[in-house]
1. Select, from 103, 137, the only residue that is away from the ligand (no atom under 14 Å from the Cβ) and within 30 Å of residue 201 (Cβ to Cβ).
2. Take residue 211 and decide whether it is open to solvent by less than 30 Å² (accessible area, probe 1.4 Å) and modelled with pLDDT of 95 or more.
3. If a residue must be farther than 17 Å from residue 164 by Cα and aliphatic (A, V, I, L, M), how many such residues does segment 80-96 contain?
4. Testing residue 46 on (1) away from the ligand (no atom under 16 Å from the Cβ); (2) within 20 Å of residue 198 (Cα to Cα), one condition comes back false. Which one is that?
5. When you check residue 199 against the structure, is it modelled with pLDDT of 95 or more and more than 25 Å from residue 251 (Cβ to Cβ), yes or no?
6. Being among the basic types (Lys, Arg) and free of Cβ contacts under 8 Å to residues at least 60 places away in the same chain is the filter here; which residues of segment 83-106 pass it?
Amino acid sequence: VTSQERDHPLIWKGKGTTRHVKDIILGRCYDYLLNNPHLGRDLDCNGIWQELTTAIYWKDPCKVTGEDYQRLVEVTHETLPCNTSLLWSRTNNLAHRYTKANDGFRTLEDTFLGYLFNGLTWCGKTHSAATTVKGMDYKSCPAWDECENHTMSSFWKLASATFSRSSCGMVHVMLNGSAEGDIVRNDSIFKSVEIPSMNPDLVSEVRLWLAHGIDGTQRSKCSSDSLMELKGYIEKHGLGFSCVDNQRSVQLLQCIENPGAAACMRCN
Ligand code: NGD
């Protein structure tokens with residue numbers, strides 16, 4: 001760390017760009033291509049990194065829009081098989097454990113683009129000490145709520161919209177029926193981006209899976225008013241709706257960590 005870097009003030013509230021972000025993205029890229037030969041193209045991992053640098057290097061991280069990531073989305077394009085998409089809201093951990101256990105489902109983070117960036121922090125910076133060649137800010141990045149055209153939220157909004165737009169058949173959504181507050185926030189990406197991006201001609205139905213704490217805590221059920229409201233919202237977008245409380249295969253996954261819970265003892 002040079003003295004100039006040390007002196008660079010923390011201008012944003014969030015943590016800085018993930019250390020070794022380039023190596024991580026390149027490693028994930030080669031790993032994904034190795035495990036997904038169906039992509040069947042001569043994908044250039046360095047080229048993908050270059051697209052990210054074009055989108056954000058030397059830019060104000062509060063002035064990055066979806067448009068800036070358009071090329072990145074294009075070069076990582078993948079066709080999604082119908083009936084496999086799993087969206088989630090407030091169930092990050094459980095949804096991803098589920099797709100690891102069940103090959104028939106994929107979240108955005110299991111697709112190429114989502115896999116490359118999941119869990120990372122990144123942002124550009126407008127100025128740099130003359131001796132360092134870094135277009136990214138490793139010290140601090142804006143927090144999600146710090147600005148509108150946020151370097152990471154713009155990315156996830158575009159990635160989520162693209163994933164939803166290319167989804168077909170039955171689309172599943174894992175929601176948290178035990179979390180406090182709204183079952184889905186109005187400004188959640190699921191509600192504000194993913195539902196409006198689905199194509200009613202391609203999507204036969206949106207099926208909600210309402211997961212509850214294995215101890216039986218239920219704040220929202222499929223019959224709750226908040227779910228009825230969500231049903232109306234989904235139908236207004238021309239999409240079919242269904243809802244399942246405690247879908248059994250999701251519950252069985254929760255049972256791995258709680259085999260003694262009452263809900264896990266049934267044998268049917
Ligand atoms: O206001 C926020 C905020 N909103 C979203 N997130 C936020 N973080 C803040 N500090 N402040 C980030 O998005 C945060 O990392 C959350 O863990 C994550 C998801 O937010 P959540 O649980 O409220 O659900 P959303 O409906 O907004 O978005 C979930 C859907 C799902 O289908 C994902 O494939 O949108 C896609 N996604 C969105 C945002 C981030 C994925 C990611 C990701 N992999 O990091």
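The values are calculated or read from the model by the stated rules, or taken from the named source; none is laboratory data. Since the structure is predicted, the reported quantities are computational estimates derived from the model, not experimental observations. All Cβ positions, glycine included, derive from the backbone under ideal geometry; neighbour counts span all protein chains shown. Heads up: the accessible areas ignore ligands, DNA and RNA and are worked out on the full protein's heavy atoms, side chains in. Shrake-Rupley method; radii C 1.70, N 1.55, O 1.52, S 1.80 Å.
1. After applying the criteria, what remains is 103.
2. So residue 211 fits the description; yes.
3. Number of matching residues: 1.
4. Against the list (1) away from the ligand (no atom under 16 Å from the Cβ); (2) within 20 Å of residue 198 (Cα to Cα), residue 46 comes up short only on (2).
5. So residue 199 fits the description; yes.
6. Across segment 83-106, the qualifying residues are 100, 106.
Okay, residues lined up against (1) under 30 Å from residue 125 (Cβ atoms); (2) in contact (Cβ under 8 Å) with a residue 60 or more places away in the chain; (3) of a type in the set (Phe, Trp, Tyr); (4) touching a His at 6+ places or on another chain (Cβ under 7 Å):
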position: 21; (1), (2), (3), (4): yes, yes, no, no
position: 24; (1), (2), (3), (4): yes, yes, no, no
position: 29; (1), (2), (3), (4): yes, yes, no, no
position: 34; (1), (2), (3), (4): no, no, no, no
position: 45; (1), (2), (3), (4): yes, no, no, no
position: 58; (1), (2), (3), (4): yes, yes, yes, no
position: 65; (1), (2), (3), (4): yes, yes, no, no
position: 74; (1), (2), (3), (4): yes, no, no, no
position: 81; (1), (2), (3), (4): no, no, no, no
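So that you can scan it fast, the table gives a plain yes or no per residue for (1) part of a loop (DSSP other than H, G, I, E, B); (2) crowded, with 19+ Cβ neighbours inside 10 Å; (3) of a type in the set (Val, Ile, Thr):
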| site | (1), (2), (3) |
| --- | --- |
| 181 | yes, no, no |
| 195 | no, yes, yes |
| 233 | no, no, no |
| 243 | no, yes, no |
| 259 | yes, no, no |
| 263 | no, no, no |
